[in-house]
């Protein structure tokens with residue numbers, strides 16, 4: 001039978017990512033402050049949306065109000081009617097408020113003052129552009145000289161000039177050079193502290209004081225005195241110029257205890273989004289132009305999408321937070337020793353949502369608890385299976401490890417094997433490699449590094 005090509009009708013099911021689904025997904029992963037900004041922007045852009053001035057009372061679950069973040073209006077603040085002279089003085093005061101100077105701007109200003117020629121200034125700009133926020137040079141002089149089309153010796157000369165600038169240590173290639181540059185400012189580069197930094201910095205980090213003392217032919221006590229001078233130096237000279245913006249942290253909900261149970265109160269600080277009845281009515285009026293009706297229909301559809309997406313976000317978060325409270329009730333009652341293992345898969349199964357949905361729901365979200373404001377992701381933690389068949393929370397084990405190390409004899413610090421034995425006494429089974437992993441995650445040095 002000869003082969004032939006002919007069209008065949010076939011019915012298939014495909015998941016289509018609609019604009020409505022995309023909006024719901026985007027809103028779900030937005031933190032509270034960003035969601036506030038997004039909704040306000042949508043109200044400004046869409047005439048079919050309005051912010052209901054008469055705010056509804058806070059949403060409550062089991063009868064607990066959610067406090068709304070307080071904001072001060074100009075009237076409450078005491079806005080004055082300034083005279084012409086007073087207004088001029090006020091404008092001058094406001095003009096004094098400037099953006100903090102960055103490390104790069106600070107170095108460039110000094111470069112333009114002290115560079116001997118325009119070519120040196122150009123090379124210096126390239127070097128400063130490769131200095132990171134901590135103050136370290138991250139490109140080699142060979143790369144910089146090639147970019148500036150000059151020889152390495154000239155690039156070294158300009159770098160040496162930059163390394164004399166404030167803050168001391170900026171432009172260094174590594175920690176040793178950074179600390180040596182700071183000692184050079186005070187003329188102490190040939191001191192005992194300078195010699196230790198120059199030749200024995202790795203041994204200093206390992207607290208091998210006796211070895212350093214024997215090599216430099218000084219007493220161990222003098223090495224420890226030099227250490228005090230070294231620790232007074234700044235390992236990250238650019239740190240003081242690191243102007244990070246503090247993000248306002250507003251919880252999605254408050255978890256409060258009421259008798260033996262916990263109540264969840266959701267934040268009502270979002271704009272109270274409603275459809276604008278005036279523009280909605282224009283759709284049913286015969287004298288409304290067709291192009292206007294078409295535009296209003298599109299805006300109405302977008303408005304309904306937004307209102308539905310906000311409602312879905314709230315419902316998903318409600319289910320997630322309720323499930324977290326149910327599982328972590330012992331922690332809320334008694335503290336970190338009672339943390340229970342909890343994973344995304346477990347929450348997703350219990351609330352009937354996909355794992356990716358739960359991940360978006362808890363991302364960058366926080367709640368107010370009896371133990372302070374905590375991220376929802378903070379409640380997730382793995383567990384170690386015990387002989388009894390139950391699992392013990394990794395967070396609870398980390399708390400125990402921190403407690404053991406805080407109470408240890410600093411002359412004879414606990415090694416990981418000893419910590420395992422102490423955990424066994426608490427009826428917690430854990431392998432040595434697990435304790436080592438958790439200790440590293442807690443950024444606690446090994447017993448040799450902790451010895452004093």
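Here, each number is a calculation from the coordinates, and none is a lab measurement. The structure displayed is predicted, hence computed values, not measured ones. Reconstructed Cβ throughout: ideal geometry from the backbone, glycine too, with neighbour counts over all protein chains shown.
Summary of values
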quantity: Extension gain (nm, one decimal) between residue 22 and residue 44, 0.36 nm per residue minus Cα-Cα; calculated: 5.8 nm
quantity: Rounded tilt (10° steps) of 394-406 against the dominant C-alpha axis of the chain; calculated: 30 degrees
quantity: With Cα atoms, 0 to 90° folded angle of helix 152-162 axis to the chain main axis; calculated: 80 degrees
quantity: Inter-label distance, nm, simple model (7 Å from Cα along the C-beta direction), residue 51/residue 375; calculated: 2.9 nm
quantity: Size descriptor, Kirkwood hydrodynamic radius, that averages inverse alpha-carbon separations across the chain, Å; calculated: 29.3 Å
quantity: Sorted by Cβ density within 10 Å, fewest first, the residues 316, 25; calculated: 25, 316
quantity: Efficiency of FRET from Cβ geometry, residue 6 and residue 304, R₀ 56 Å, rounded to 0.05; calculated: 0.80
quantity: Between the range 381-400 and the range 200-245, the alpha-carbon center distance in angstrom; calculated: 38 Å
quantity: Extension gain, residue 350 back to residue 268 (0.36 nm per residue minus Cα-Cα distance, nm); calculated: 26.9 nm
quantity: The chain: angle of helix 19-28 to the longest principal axis, Cα-based, in degrees nearest 10; calculated: 50 degrees
quantity: Where N is the number of residues in the range 103-241, Cα Rg divided by 2.2 N^0.38 Å; calculated: 1.17
quantity: Rounded FRET efficiency, nearest 0.05, which uses the C-beta distance separating residue 147 from residue 191 and R0 of 60 Å; calculated: 0.95
quantity: For 350, 360, order by how many other beta-carbon atoms lie within 10 Å, fewest first; calculated: 350, 360
quantity: Separation of the residue 427 and residue 280 label points, Cα + 7 Å toward Cβ, nm; calculated: 6.0 nm
quantity: Residues 186, 12, sorted so that the one with the fewest Cβ neighbours within 10 Å comes first; calculated: 12, 186
quantity: For the range 314-428: Kirkwood Rh in Å [reciprocal of mean 1/r, alpha carbons]; calculated: 15.7 Å
